[in-house]
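Student: One structure, pasted below without further comment.
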Amino acid sequence: MKIMFNKQDLSLPSATDPTLRIRIEGLSAGYAGHPVLHQLSAHIVKLTNTALVGPNGSGKSTLLGVLAGVIQPTAGELEHAGGRPPAFVPQRGAVGDTLPLTVRQTVEMGRWGERGPWRRLTRHDRTAVDTALERLGIADLAARQLGELSGGQRQRALIAQGLAQESDLLLLDEPTTGLDPEARERIAALLTELVADGVTVVHATHDLDAARSADACLLLREGRLVSQGHPEQLLTPSALAHVWQPA
Ligand code: ADP
């Protein structure tokens, strides 16, 4: 197993391609006694919004976990060409809606990686939090409890927490799932805007509208990459029928 971060070796093909943010080669990963991803090779281009698309159980979250560094591959290579650790925005359901946290406190948690929960926030931390709240249009909700918000507002608070980490790579797990159509559209548009702001975005989704607004897609089925490319070319009725057909 070979995991490489910030690899400077110019002999590697990816190092000669400055547009790549992530290169994955022959990657396998999973959980104890449960292999999920099998021999997956793919790449993520810098400053794009890439959608990981596939049915439930196809391995999207597992792949995000590998990209985030929380799941270790069992084989293959993962190479990050970037300076900052990725920011990971988990599925909304994974975050207790009833936690007694305000929106600001939620976003401040994005700074814990830098500071630890026991340290006072610096001026820079507070600026990063304010900027993220403004960027997501939720500055006016800063004092509200997370549990009082709509699903779309709560999702924006979680994305703001990710942005507050000031990473160049934002990983999101199902950011539009469970939202009403308007909130889904807003989040999808926001991901495109974040790319324009200078962030590389990777999101897992089974929302095909969100996937269609991405710049690139990785289509997954049963832990394998079916294809990679532009959504218009990839998300054809026949490809989707193949991916979604029962095994
Ligand atoms: P997706 O995000 O596409 O729905 P996942 O990556 O969540 O797919 O899941 C892929 C497979 O891994 C599924 O069979 C799922 O049951 C299994 N799985 C997910 N999380 C765990 C875990 N923590 N422990 C064991 N198996 C898991």
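The values are calculated or read from the model by the stated rules, or taken from the named source; none is laboratory data. Predicted, not measured: the structure shown is a model, and the values here were computed from it. Here the Cβ positions follow ideal geometry from the backbone for every residue, glycine too, while neighbour counts run over all protein chains shown. Heads up: the accessible areas ignore ligands, DNA and RNA and are worked out on the full protein's heavy atoms, side chains in. Shrake-Rupley method; radii C 1.70, N 1.55, O 1.52, S 1.80 Å.
Student: With all protein chains present and a 1.4 Å probe, how do L163, L179 order by accessible area, largest first?
Tutor: Numbers: L163 35, L179 15 Å².
So, going from the largest accessible area down, we get L163, L179.
Student: Then there's this: Would you give the gap between the C-alpha center of segment 31-75 and the C-alpha center of segment 194-235, rounded to a whole Å?
Tutor: Going from one Cα centre to the other spans 12 Å.
Student: If you count only protein heavy atoms and use a 1.4 Å probe, how large is the accessible surface of H34, to the nearest 10 Å²?
Tutor: Its heavy atoms expose roughly 110 Å² to the probe.
Student: Next question, about the same structure. Only residues of segment 175-219 count here: report those whose backbone N is under 15 Å from the spot 7 Å along Cα→Cβ of R144, or say none.
Tutor: Only 180, 183 fall inside the zone, counting backbone N under 15 Å.
Student: Under 1.5 on a/c is rounded, so check that first for segment 55-160, then, if it is not, pick prolate when a/b is larger than b/c and oblate when it is not; a ≥ b ≥ c are the square roots of the alpha carbon gyration tensor eigenvalues.
Tutor: Details: a/c = 2.27, a/b = 1.43, b/c = 1.59.
It comes out oblate by the Cα gyration axes.
Student: Sorting K60, K46 by accessible area (1.4 Å probe), largest first, what list results?
Tutor: Details: K60 10, K46 80 Å².
The ranking, largest first, comes out as K46, K60.
Student: By accessible area of protein heavy atoms, probe 1.4 Å, what ranking do E174, E77 get, highest first?
Tutor: Details: E174 15, E77 40 Å².
Per-residue accessible area, sorted high to low, gives E77, E174.
Student: I've got another one for you. Solvent-accessible area of E193, probe 1.4 Å, all protein chains present, reported in Å² to the nearest ten, please.
Tutor: 80 Å²
Student: Restricting to the chain, what percent of DSSP beta bridges are antiparallel, rounded to 5? Walk me through the numbers on the way to the answer.
Tutor: Details: 19 of 40 bridges.
Restricted to the chain, the bridges split so that about 50 percent are antiparallel.
Student: How many percent of the accessible area of the chain is carbon or sulfur, using a 1.4 Å probe? The partial results should precede the final answer.
Tutor: Numbers: 6210 of 11770 Å².
Roughly 53 percent of what the probe reaches on the chain is carbon or sulfur.
Student: Still on this structure, I have one more. Please give the per residue accessible area of segment 165-227, computed with a probe of 1.4 Å over protein heavy atoms only, in Å². Please report the intermediate quantities before stating the final value.
Tutor: Values: 2470 Å² over 63 residues.
Per residue, segment 165-227 has 39 Å² of solvent-accessible surface.
Student: Hey, another quick one. Would you tell me the accessible area of R92, worked out with a 1.4 angstrom probe on the heavy atoms of the protein chains, in Å² to the nearest 10?
Tutor: 40 Å²
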